[in-house]
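Here the structure is laid out as structure tokens; the discussion comes afterwards.
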Amino acid sequence: MELRDIEIFLTLTEELHFGRTAARLCLSPARVTQAIQKQERQIGAPLFERTNRTVRLTPVGRQLRDDLRPLYAGLKHSMERAQLAGQGITGILRVGMLPANAYDLRAYWDVFRLRHPQWKLRVQKAQFSDALATLRRGDIDVLVAWLPIDEPDLTVGPVLLAEPRVLAVSTGHELTQRTSVSLEIAADFQHPQSDTRPGYWYDAYIPRETRRGRTIERGPVVQNTEEAITLASMAEIVVLFPSHMTRYWARPDITYLPVTDMGPLPYALVWRSETDNEPIRALAEVVRDLGPLTPQS
């Protein structure tokens, strides 16, 4: 199996859609189909179950995905390290962002790059639905995550920012008659549910109860911010966010209301304790030296 065909297969296992896979890899859908058919002929079994509406992995496909994923990631990493070594760069530090305001945090990134030109810093988006799993798999080295996180295998580093909370609602929602809301008032409406683990971590983002003990009802399951915003825009749910969303996710169909009875949501560096290394410690030192970001309005 050629390297490009492996990339096509693994991308399709994530997208489960031939068109999106082709667009993501800048290929034609026919090229994606040909690569999968070729792999299935070589293996002698289907890798995907296809219908007009869905694409699903077969048991053989799941096994191949699980076997190939670490091998492909290791090969890509080795090739990239060799290319960077040729440029005098000896390592890569991959930072996954749960908040959307990577630009606000540029002072940390700039100082790190200035102090340590021998290391490449890569800042990328992370999905909250599997953020800790992504960290544990080694897909990223450091996660910028909301607190608290109390896991025996993870180290919590310095706080980068702590922001007030806002509630995202449809622009036509009845709550837009107000200039702000309390969590007690927001409890009258459904909030998103998530499969995010551990449970206490998601509960810190969207509490299960108000301070007075009222249950906060959770509705549709969402996997990412895009899904949550879309449901909020249709007035199916309301969504709690940190306040930087008012700048980074400004939309004509969404109104953000300040929440008056919740404390700021802190975000800190988090990494696997067993992978603690010099670049991670260097980034943590930069954050400590500069201190937490001052919230913007």
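I need the Kirkwood Rh of region 3-74: take the reciprocal of the average 1/r across all distinct C-alpha pairs and report it in angstrom.
Values: mean 1/r = 0.0825 Å⁻¹.
Its Kirkwood hydrodynamic radius stands at 12.1 Å.
Alpha carbon centre of region 61-96 versus region 8-31: separation in Å?
20
In debye, nearest 20: dipole of region 165-263 around its Cα centre with unit charges on the Cβ of K, R (+) and D, E (-)? Please report the intermediate quantities before stating the final value.
Values: 10 positive and 12 negative charges, 62 e Å.
Dipole size: approximately 300 debye.
Could you state the number of Å between the C-alpha centres of region 164-179 and region 212-286?
16
In square nanometres, what is one fourth of the surface area of the convex hull spanned by the alpha carbons of region 165-263?
Numbers: hull surface 23.2 nm².
Value for region 165-263: 5.8 nm².
Can you list residues whose amide H is under 5 Å from Leu154's amide H, if they're 5+ apart or on another chain and H is modeled 1.01 Å from N?
Ser273
What is the chain's relative contact order, in percent, from Cα pairs under 8 angstrom and six or more apart in sequence? Present the calculation step by step, with values, prior to reporting the outcome.
Values: 457 pairs, mean separation 63.9, N = 297.
Value for the chain: 22 percent.
Which of rounded, prolate, oblate describes the chain, given a ≥ b ≥ c as roots of the alpha-carbon gyration tensor eigenvalues and a/c under 1.5 marking rounded, otherwise prolate only if a/b is larger than b/c? Each step should come with its number before you reach the end.
On the way: a/c = 2.14, a/b = 1.27, b/c = 1.68.
Taking the square roots of the gyration eigenvalues as a ≥ b ≥ c, the chain is oblate.
For Arg281 and Thr171, what does the FRET efficiency come to when R0 = 35 Å and r is the distance between their Cβ atoms, rounded to the nearest 0.05? Intermediate values should be presented prior to the final figure.
Numbers: r = 45 Å, r/R0 = 1.30.
It comes to 0.15.
Is there a quick way to get the dipole size of the chain? I mean about its Cα centre, with the Cβ of Lys and Arg at +1 and of Asp and Glu at -1; what is the value in debye to the nearest 20?
Numbers: 36 positive and 36 negative charges, 148 e Å.
About 720 debye.
Suppose R0 equals 30 Å; then what is the FRET efficiency for Ser78 and Gln37 from their Cβ-Cβ distance, rounded to the nearest 0.05? Intermediate values should be presented prior to the final figure.
Working: r = 29 Å, r/R0 = 0.97.
That pair, Ser78 with Gln37, gives E of 0.55.
Name the residue from Leu293, His191, Thr51 whose Cα lies farthest towards the positive end of the charge dipole of the chain, charges +1 on Cβ of Lys and Arg and -1 on Cβ of Asp and Glu.
Thr51
As an exercise, identify the trypsin sites (Lys or Arg not before Pro) in region 24-60 lying in DSSP coil whose Cβ has no more than 14 other Cβ atoms within 10 Å. Each step should come with its number before you reach the end.
Working: sites: Arg24, Arg31, Lys38, Arg41, Arg50, Arg53, Arg56; in loops: Arg53.
The qualifying sites are Arg53.
Since every read-out is calculated from the coordinates, none of them should be taken as a lab result. Keep in mind that what you see is a predicted model, and the values were worked out from it rather than measured. Note: ideal-geometry Cβ built from the backbone for every residue, glycine included; neighbour counts use all protein chains shown.
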